[in-house]
Amino acid sequence: MTQFDGELSPPFEIVEPASWRAPIIFNSPHSGSVYPPAFLNASRIDLAALRRSEDSFMDELIGGLCEQGFPTVRVNFPRSYVDVNREPYELDPRMFTGRLPSFANTRSMRVAGGLGTIPRVVGDGQEIYRERLSVDDALGRIEALYKPYHRALRRLINKAHQAFGTVILVDCHSMPSVGVSRDEPRRPDIVIGDRYGTSCASLLPDVVEEIMSGLGYSIGRNKPYAGGFITEHYGNPASGLHTVQLELNRAIYMDERRRERSPRFAQVAADFAALADALAQVPLGDLGPFQAAAE
């Protein structure tokens, strides 16, 4: 990882409690805000525009959960540089000079939208780069940042699975309060994504909805976000691997325009702690293993 030494060191952080209270891992893959200078120089848009893709402060909202006995994972590099919530090689050939490897997925919906493993655009559709990138640059980022993150996350999941027989990965994200399309209805405070019942036992989204709605949050399920690569890839309820994605409306905890924490920030963090407590009380035997629900 020498090309990133000093810039992205460490590229991600895993904090484990001295004693695990339950096999529940809280992950924040999109809150990274360390931008390599070479990336900023190559971008046609400024830092403020790039940062619109961040799940700002999501890592802080879950940061205190380690003290309650839950491991946390945070990525420090920005998703606009490398997006770990994608397949390893979802790449747009139009972005690069040189030929992509034959195993690259160049035709996914995410690539078509400009939001592949190396994104072409930020969340609101603005093009990131002035010029095409070299294929070697893209593959280097994947080898040095993407793959080590997923190896470490997989080790953590396996550790919990071996110790408890099951594991719950809570993939924590935030969403803009207003969608790109004017036709989209008002977004709820929290969207729970379980890939339409395939990534976790149905009990888990039900617990999340019960607790958070009881705390005053409006709840949606799977629309507009059903869960990305992490939810799909690590969720295998038949094997005792449960993944649920949470998308928190940014207007709930921050000033979106100024990118500052709002006065409600501490309360939202406390509410996440209450959710963690509730999930820890779910009897592991109630989680199956079950066959995933049909689409």
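The values are calculated or read from the model by the stated rules, or taken from the named source; none is laboratory data. The structure displayed is predicted, hence computed values, not measured ones. For neighbour counting, all protein chains shown are included, and Cβ atoms are generated from backbone atoms with ideal geometry for every residue, glycine included. Note: areas computed on protein heavy atoms with side chains; ligands, DNA, RNA excluded. Shrake-Rupley method; radii C 1.70, N 1.55, O 1.52, S 1.80 Å.
Going through the range 59-96 one residue at a time, which ones are among the aliphatic types (A, V, I, L, M) and more than 14 Å from the chain's Cα centre (by Cα)? Outline the logic, then answer.
Quick first cut of the range 59-96, residues among the aliphatic types (A, V, I, L, M) only: 61-62, 65, 73, 75, 82, 84, 91, 95.
The answer is 65, 91, 95.
Restricting attention to the range 220-269, which residues are among the acidic types (Asp, Glu) and closer than 14 Å to residue 29 by Cβ? If you could, list the steps in order and put the result at the bottom.
At the first step, the residues of the range 220-269 found to be among the acidic types (Asp, Glu) are 232, 247, 255-256, 260.
Residues satisfying the conditions are 232, 247.
Could you list, in sequence order, the residues of the range 155-209 that are in a helix (DSSP H, G or I) and either touching a helix residue (DSSP H, G or I) at 6+ places or on another chain (Cβ under 8 Å) or touching a residue at least 60 places away in the same chain (Cβ under 8 Å) (or both)?
Within the range 155-209, the first condition is being in a helix (DSSP H, G or I), and the residues that meet it are 155-164, 203-209.
Matches in the range 155-209: 156, 157, 160, 161, 163, 164, 203, 204, 207, 208.
So, in the range 25-53, how many residues would count as being under 19 Å from residue 259 (Cα atoms), free of Cβ contacts under 8 Å to residues at least 40 places away in the same chain and not aliphatic (A, V, I, L, M)?
Number of matching residues: 1.
Name the pairs: first residue in the range 224-240 and more than 11 Å from residue 194 (Cα to Cα), second residue open to solvent by 10 Å² or more (accessible area, probe 1.4 Å) and assigned to a helix (DSSP H, G or I), Cβ to Cβ under 7 Å, at least 6 apart or on different chains?
These pairs meet every condition: 240/161.
Out of 277, 286, 271, report the one residue that is under 20 Å from the mean Cα position of the chain (by Cα), in contact (Cβ under 8 Å) with a residue 40 or more places away in the chain and part of a helix (DSSP H, G or I).
Details: 277 fails: under 20 Å from the mean Cα position of the chain (by Cα); 286 fails: under 20 Å from the mean Cα position of the chain (by Cα).
Going through 277, 286, 271 in turn, the sole match is 271.
If we scan the range 128-147, do we find a residue that is open to solvent by 10 Å² or more (accessible area, probe 1.4 Å), more than 17 Å from residue 42 (Cβ to Cβ), modelled with pLDDT of 95 or more and not in a helix (DSSP H, G or I)?
No, the range 128-147 has no match at all.
Would you check if residue 99 is of a type in the set (D, E, K, R) and over 13 Å from the mean Cα position of the chain (by Cα)? Reasoning before the result, please.
On the way: of a type in the set (D, E, K, R): yes; over 13 Å from the mean Cα position of the chain (by Cα): yes.
Here the answer is yes, as residue 99 does meet what is asked.
Would you mind finding the one in 174, 199 that is in contact with a strand residue (DSSP E or B) (Cβ under 8 Å, 6 or more places away or on another chain), over 21 Å from residue 58 (Cα atoms), buried (at least 22 other Cβ atoms within 10 Å of the Cβ) and of a type outside the set (Val, Ile, Thr)? Break it down into steps so the answer makes sense when it comes.
Values: 174 fails: over 21 Å from residue 58 (Cα atoms).
Just one listed residue meets the conditions, 199.
Listed residues 88, 119; which is open to solvent by 10 Å² or more (accessible area, probe 1.4 Å), within 21 Å of residue 11 (Cα to Cα) and touching a residue at least 24 places away in the same chain (Cβ under 8 Å)? Reasoning before the result, please.
Values: 119 fails: open to solvent by 10 Å² or more (accessible area, probe 1.4 Å).
Residue meeting the stated conditions: 88.
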